[in-house]
Protein chains: 2
Amino acid sequence: MSESNAVLIGRKPVMNYVLACITLFHGGAKEVSVKARGRSINRAVDVVEVVRRRFLPDVKVKKIGIGTEQLAPREEGGTPTNVSTIEITLGH
Amino acid sequence: MSESNAVLIGRKPVMNYVLACITLFHGGAKEVSVKARGRSINRAVDVVEVVRRRFLPDVKVKKIGIGTEQLAPREEGGTPTNVSTIEITLGH
């Protein structure tokens, strides 16, 4: 899958990301990958649920993966922090 | 799977739920299901990541499911609200 079909979830309203997913599918994408980390993970699930329940009922959740990323310390000598990640792949 | 092997994620610190998972596995559970909804979803992912990375490396993520639950309106005549859910099944 091409990385250009990824939607990275941040702090904007859910509908912004829903629209991004719909635009990718309407542009011919076979799969769209919704990615988030930390406190944006619940928003990623919201986005996927709105996309498939309200707008694109023929789109299915193909894969869900979770993981951990290590972030560099904020200041020199600090300890790195771990952040959880999710990647939800949608497709026809 | 027996419902008694479910850990429902709420607003407590992550380590409380990590301990609950570990206790179930040490008590002989073959599978433990971590469930959350709404803004607790990111905490559910944190719990699973801490359990399998720090404490029980032989435990794998067997299944991840997401969905939507409809909550009854808070007041009579109100509209029901939708809340996203996640269920992560851990097992050997």
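Here are some notes:
Okay, residues lined up against (1) among the aliphatic types (A, V, I, L, M); (2) farther than 26 Å from A:A36 by Cα:
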{"site": "B:H26", "(1), (2)": "no, yes"}
{"site": "B:V34", "(1), (2)": "yes, no"}
{"site": "B:R37", "(1), (2)": "no, no"}
{"site": "B:V48", "(1), (2)": "yes, no"}
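- Residues located in region A:1-28, provided they are modelled with pLDDT of 95 or more and open to solvent by less than 40 Å² (accessible area, probe 1.4 Å): A:A6, A:V7, A:I9, A:G10, A:V14, A:Y17, A:V18, A:A20, A:C21, A:I22, A:F25
- Residue ID - nearest to A:V18 (Cα to Cα), chosen from residues in region A:57-77 that are of a type in the set (A, V, I, L, M) and touching a strand residue (DSSP E or B) at 6+ places or on another chain (Cβ under 8 Å): A:V59
- Filtered residues of region A:38-62 (kept if facing chain B (nearest Cβ under 9 Å) and either of a type in the set (D, E) or over 18 Å from A:P13 (Cβ atoms) (or both)): A:D46, A:E49, A:V61
- Candidate set: region A:81-92, residues that are surrounded by fewer than 19 Cβ atoms within 10 Å (Cβ to Cβ) and farther than 15 Å from B:E49 by Cβ; chosen: the one nearest to the other protein chains (Cβ to nearest Cβ): A:G91
- Only one of B:I66, B:I41 that is surrounded by 12 or more Cβ atoms within 10 Å (Cβ to Cβ) and in a helix (DSSP H, G or I): B:I41
- Boolean, A:S33 is within 21 Å of B:R43 (Cβ to Cβ), small (G, A, S) and either open to solvent by 40 Å² or more (accessible area, probe 1.4 Å) or outside any loop (DSSP other than H, G, I, E, B) (or both): no
- Single match in A:V47, A:V83, A:V51, A:V18 (criterion: assigned to a helix (DSSP H, G or I), in contact (Cβ under 8 Å) with a residue 40 or more places away in the chain and under 23 Å from B:A44 (Cβ atoms)): A:V47
The values are calculated or read from the model by the stated rules, or taken from the named source; none is laboratory data. This is a predicted model, so every value here is computed, not measured. A quick note on method: Cβ atoms are made from the backbone with ideal geometry, for glycine too, and the neighbour counts reach across all protein chains shown. These area figures cover heavy atoms from the full protein model, side chains too; ligands, DNA and RNA do not enter into them. Shrake-Rupley method; radii C 1.70, N 1.55, O 1.52, S 1.80 Å.
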